1. Please compute the average number of Cβ atoms from other chains found within 10 Å of each residue's Cβ in peptide C:240-253.
2. Give the shape of the range C:205-334 as rounded, prolate or oblate, defined through the alpha-carbon gyration tensor: a ≥ b ≥ c are the square roots of its eigenvalues, a/c under 1.5 means rounded, and otherwise the shape is prolate if a/b is larger than b/c and oblate if not.
3. Can you compute log10 of I(q)/I(0) for the range C:1-128 with the Debye formula, treating each Cα as one identical point scatterer, at q = 0.14, 0.18, 0.20 Å⁻¹?
4. Share of antiparallel DSSP beta bridges in the protein assembly as shown, in percent to the nearest 5?
5. Of A:Ala240, A:Ile229, A:Pro269, which is farthest along the charge dipole of the range A:226-279 in the positive direction, counting Lys and Arg as +1 and Asp and Glu as -1 at C-beta?
6. Run the quick spin-label model on B:Glu143 and C:Lys304: label points 7 Å from Cα toward the beta carbon, then report their separation in nm to one decimal.
7. Within a 10 angstrom radius of the beta carbon, how do A:Asp217, A:Asp408 rank from fewest other beta carbons to most?
8. Using θ = phi - 60° and the Karplus curve 6.51 cos²θ - 1.76 cosθ + 1.60, what whole-Hz ³J(HN,Hα) does each residue of the range C:244-256 get, with Gly and Pro shown as x?
Amino acid sequence: MKTVVMPKMGDTMESGKILSWLKAEGDHVDKGEAIAEIETDKVNIEAQSFVDGTLRKILVPAGESVDVGTAIALVGAPDEPIEAGSPQATAPEAAPARSVAASPAGTNGVAPSAAVATAVATGNGASAPVGTDERVFVSPIARRIASENGLDVSRLTGTGPNGRIIRQDVEAALSQQMVAIPPVVSPTPSQPAPAEAATPTTPAPAAAVSVPIAEGDEVVQLSTMRRTIARRLQQSMQNAPHFYITMSVDTTRLAELRERINDYAKAQPGAAKVSYNDLIVKACAMALARMPQVNASFDGDRIVRHHHINIGVAVALDDGLIVPVITDADRRGVLDLAHESTRLVEAARTGKLTPADIQGGTFTVSNLGMFGVEEFTAVINPPESAILAVGVIEPTAVVEEGQVVVRDRMKLTLSVDHRALDGATGARFLAEVRGLIEQPMGLLV
Amino acid sequence: MALREATRGGLTRDQLLELHYQMVLVRQFEEAALEQYTLGHIGGFLHLYIGEEATGVGVVSALRPQDYVVGSYREHGYAILKGIEPRAVMAELFGKATGCSKGKGGSMHMFSAEHGVIGGQAIVGAQLAIATGMAFGIRYLHEDRVAVSVFGDGAVDEGAFHESLNVASLWKLPAIFICENNQYSMGMAVEKAWSVPSLEPRAAAYAMPYARVDGMDVLAVRDTVRAAVERAAAGEGPTLIEAMTYRFVGHSAADPSYYRTRDEVKEWSSTRDPIVLFEEKLRTDGKINDAEIAEHNEKVAQVVAEAVQFAEESPFPAPDALFEDVMVDPRGAIAWRTREGSPRD
Amino acid sequence: MRTIMYREALREAIAEEMRRDERVYILGEDIAGYGGTYAVTKGLIDEFGGERVRDTPLAEEIIIGTAIGSALAGLRPIAELMTMNFSLLASDLIINSAAKFHYMFGGQTRIPLVIRMPGGGGAQRGAQHSQFFESMFAHIPGLKVVMPATPYDAKGMLKSAIRDNDPILFVEHELLYSVKGEVPDLGEEYTVPLDRGEVKREGRDVSLITFSRMTHVCLQAAEELAKDGIEAEVVDLRSIRPIDLDLVLDSIRKTNRAVVAEEGWKYYGTGQGIAALVYEHGFDWLDAPIGHVTGRDVPMPYSKPLEKAALPSRAEVIAAVKAIVPAKRTVAAR
């Protein structure tokens, strides 16, 4: 038994209506012979049988519509039994009421004139803002820089077209802030701090936990810098899966080299004294030049490899932390690098850093050796991919050629963004840095 | 009109039986395609060759394997006759990865470089211009091939017809232009579209030999095309052939044929079916018997059923195929620079 | 290095590639005896003969049909259309055939085809002979569209295009043919990639994104802007499809401002496409809306002063830059 289905006659056809049956049950049909006339959305057409046989059963009576693919008839041998499981047409339901007269024509014919009047009324002063929700126009890059630095743009005056706040407005504001960052201390917690009230666009980070205030507690409102540190480092830990690699490094030769450089520098007018940190920065810069995949930023669906090697040096301040950037550290000689780092640290401590001084870092060195810290892990400074944490240089007992000897050593811990770099890459990079420190003549050539 | 008297010109019985087999193959393939279309397994447009088989079989039997055929959108038959496996053509209709155009072409775009099937071309007239260019390439490379374009009577109305005939004749290219005059361009009767009733004066306008042939007579078509192939291969230039034929089905599967009467269709299909005509001729000559005809029908039915099964069971193209083969160069509209090793797109 | 004209650079590229590969030939209207409408193919007939430097009837459809068919048959054609205005007569075969076959036939065939044609206005050739349709073709997947501005790029990119395996529209400009520029000595082999733009002038304040003849207009505008202390970076796209978006975005990350300058019409065209891409991929780097300098939204008039008014000028580029670059820069860029 062969089932004849409602044919799909054209790719847009979804259903068809049987206009008439051209054959009756019991009639013989030839392969290719028309058995029914079908009405589609476009045309009337004939349904044919694809086999020779007898039209045994009509499943869909004339006048009904069914979806394509629905069985409409059975064709088989004259005496072939019709199985119980043979396809049946869907029960012919009462034709859905498609009466076009059902809905009164008037309902959507009346225009809501009140609404029109309202629209006209607001047309006159369309740009006038209503209430206090004043629109501030900010260019995309200005908004981005402001957001990264926790700057409230609503307090700025835009100098661009339409009073738009543009990049130079934000940078000017930031450079003023950098000079003096006044810590805002509010004695009473019940009263919202003015800065908070005025900065709806930059909510304080991690505000989810409400801290109970006991008598005598002091509430310190966040400075812009504190806010930036909190937001950026929270963002870093949340977004960048960190992993850490530690190596111990022999600094004996580094100390010798530093001494000789500084002997030389004394004779040079205006030369700065070279610190251990300067040499470590130089070692990192050279390692980055050799492994450019580390000098990179993870950026959603891509990784940006930076052309310049700009190394940030974390500088602790009384009220926070700032990371000025030594640009093109790989291309600077050691003395030049030391000069620049001296300038930046001094500028940081006196609040004289310019925006240019703190932008564009591609890697950071954080050194807590001066506090006697043996080793620590640092939080990556986004959008960088790694940060090096430097511990104190200490005399350490080590075994050399079977003898216990004392050597100066320090511990270096690299924090790595696993989205951008893998463990082996991080390890190779750290080994590269170690090699440059243990054989430091490479830093000069 | 003096239809050429068909000959049995030098063909062995096996060769004659092969021509019969091929016509049955094309017929049954198209019937199966229509059935699969009604079941929703094939989408888009489906233009069937039922009724015109003698023309396609006659043309391809006169060609050599190295010759190119640039067809119209009614080209399933040519694809199979030129050597593409029926299963690969059916799979293409199903939009499957195993189709001869990897499921990206569909009914109108069968292709095989290996078999010289240069597409169904679905822009009417393009096949003439492209075949003309291929003929230029053949001549330039001193190859022993011809480029055949097959088109309907509607293509004659396009400018490409005239530009192509002019240049092919002017440069004496090894091209053969075959008009399958099935008397309707979609629903437009040829006498309502042509200012002259025959292609003969049009060929004359381009100083090109012209032959009109009964497209329902496979041997007549074969002989006519063979002469054109010899002429083209000898460097004497192109030929325009007008094969008078008729399609027994609608322009496409969804065409109710309002523009012609049922009596007209019935008249053709009952008295001028090319397969029946050929069977009668061979039977009269004692070259074929009913058992052999039945055997061909059964063998073809198996091949076609196997093709349908293959198409059904084949996978659809993988999602990645969407962006494959847009160009030889995989870059699209945006050339992301690949800074050493950086993963972009 | 030598200094030669744009048309000579093209001729050298064609001749060198025809010597290098016998499958390369050129066809078009009046390219042989006449030497080409703009004298690009002058003299090629003498070296290569009529089969390889093939004059055709005035029939754009069959010129491109012949090119596509012969590419399918194994040749590497260069088709010259007398002007881009006539490409519409062949646009069906370009769009429906050349751009489609590789994909539509499942990657089984390729169309190594270069269609050369000049477009653009400025020579009083009127409404039907002064148009650019590059955006129409660049809209189509399956095509490449390149528009070099200098003799160096013209030669290097034409050689790359002839060696490429995809259909390429190589769009020249009637006013560029006599432009001179430095090109390596004969015998010194070089090519220019088809998917890389080039920064033709560096600057920190604004990016001028442009192509074809407008590259020269932008370079002149940049020199004048420099007198006012504004340093404009001129990014010559060279290729419209594929577009070197990284280069554009790199420049805008630096300058935060962009003006797109093109000779064609403003609406729904190449420049708006570029601007949309920048808004999509570089929004956060913008400090101002993207400026857009274009030809006027009219058919090209014949009369000289009207035509001049219809074409984008250096002054318009300068004005567009000044509209988005702030007058005073209180913060020095690093």
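1. 3
2. Note, shape of the range C:205-334 comes out oblate.
3. The Cα Debye sum returns log10 ratios of -0.64, -1.00, -1.18.
4. 50 percent
5. A:Ile229
6. Label at B:Glu143, label at C:Lys304, 5.4 nm between them.
7. In order of increasing Cβ crowding within 10 Å: A:Asp217, A:Asp408.
8. 7, 5, 4, 4, 4, 5, 4, 5, 6, 4, 7, 9, 6
Here, each number is a calculation from the coordinates, and none is a lab measurement. Note that the coordinates shown come from a computational prediction; the quantities given were computed from them, not determined experimentally. Glycine gets a Cβ as well: all are built from the backbone with ideal geometry, and neighbour counts include every protein chain shown.
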